[in-house]
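The values are calculated or read from the model by the stated rules, or taken from the named source; none is laboratory data. Note that the coordinates shown come from a computational prediction; the quantities given were computed from them, not determined experimentally. Methodologically, a virtual Cβ is constructed for each residue, glycine included, from the backbone with ideal geometry; neighbour enumeration extends over all protein chains shown. Side chains are part of the model used for accessible areas, which takes the heavy atoms of the whole protein and leaves out ligands, DNA and RNA. Shrake-Rupley method; radii C 1.70, N 1.55, O 1.52, S 1.80 Å.
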Amino acid sequence: MGAFQGGLTYRQYRVNQALPPKWQKKIQDGLSKHLAKEIDPNGDEDRSIGWCNAHFALDTSISLEQCLYNEYIVVGMRIDTLVVPKRLLAVYCEREERRAMQELKKEVLSRYERAEIREAVETTLRTKVLPSIKTAEIVWNWETGYLRFFNTSKGLNEEFIELFEESF
């Protein structure tokens, strides 16, 4: 987490529009609509992105009061990714294919049978694999309009800009 520990590497942005008179409600609504959500292992989603507490990534019940520090809004962006590792999937698929060949008394399975097995194995493994979590902090000076995003990855910065524009 770059804002609180480690090296201070960030990209700086400027919010050109002044905040409206009742900006607190608009910011709170934007945070609430785009809170980080855990990925449902039984669903189809592989990736989730949203706002979280900058100090504790698993805390997604944040309010604007928790994020305000004088003239700064400090919030975290969390990206969850749920992917079954390819090698793990391959090993379990091979085991299931061997079992199916023995059960069906076949020497080779069709590609459709293999695809069905792969899908079933992947669905089962998704419930056992934990998602990976990435976080980055945002420090926004709402008076000057300067915003610092504590990550320099091009991809994460693009996702941040998209989430920020959708939220606020």
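Side notes on the structure shown:
- Sum of -39500 (n - 2.57) over DSSP H runs of 4+, divided by residues of the chain (222 nm, nearest 500): -12000 deg cm²/dmol
- Summed side-chain charge close to residue 35 - residues other than residue 35 whose Cβ falls under 14 Å, Lys, Arg +1, Asp, Glu -1: -2
- For the chain, radius of gyration divided by Kirkwood radius, i.e. Rg to Rh on alpha-carbons: 1.17
- Choice from 97, 71, 107 showing the highest fluctuation, given a GNM over the chain with Cα pairs closer than 10 Å: 107
- GNM result for the chain, Cα springs below 10 Å: residue of 102, 28, 66 fluctuating most strongly: 102
- Listed by chain and number, the lysines whose alpha-carbon sits under 20 Å from that of residue 37, ignoring those within fewer than 8 places in the same chain, are 128, 134.
- Of the chymotrypsin sites (Phe, Trp or Tyr not before Pro) found in segment 26-116, those in coil by DSSP whose Cβ has at most 13 other Cβ atoms within 10 Å are 56.
- Of all DSSP bridge pairs formed entirely within the chain, close to 95 percent run antiparallel.
- A Stokes-Einstein calculation at 10 °C with viscosity 1.306 mPa s, built on the Kirkwood radius of segment 45-115 over Cα pairs, returns a diffusion coefficient of 98 µm²/s.
- Nonpolar atom fraction for segment 11-125, defined as the carbon and sulfur part of the 1.4 Å probe accessible area, stands at 50 percent.
- Alpha carbon centroid spacing (whole Å) that separates segment 97-168 from segment 43-87: 15
- Shape category assigned to segment 1-61 from the gyration tensor of Cα positions, a/c cut at 1.5: oblate
- Projecting the Cα atoms of 120, 53, 75 onto the dipole axis of segment 28-148, where Lys and Arg carry +1 and Asp and Glu carry -1 at the beta carbon, places 120 farthest toward the positive end.
- Per residue, the chain exposes an accessible area of 66 Å² to a 1.4 Å probe, with every protein chain left in place.
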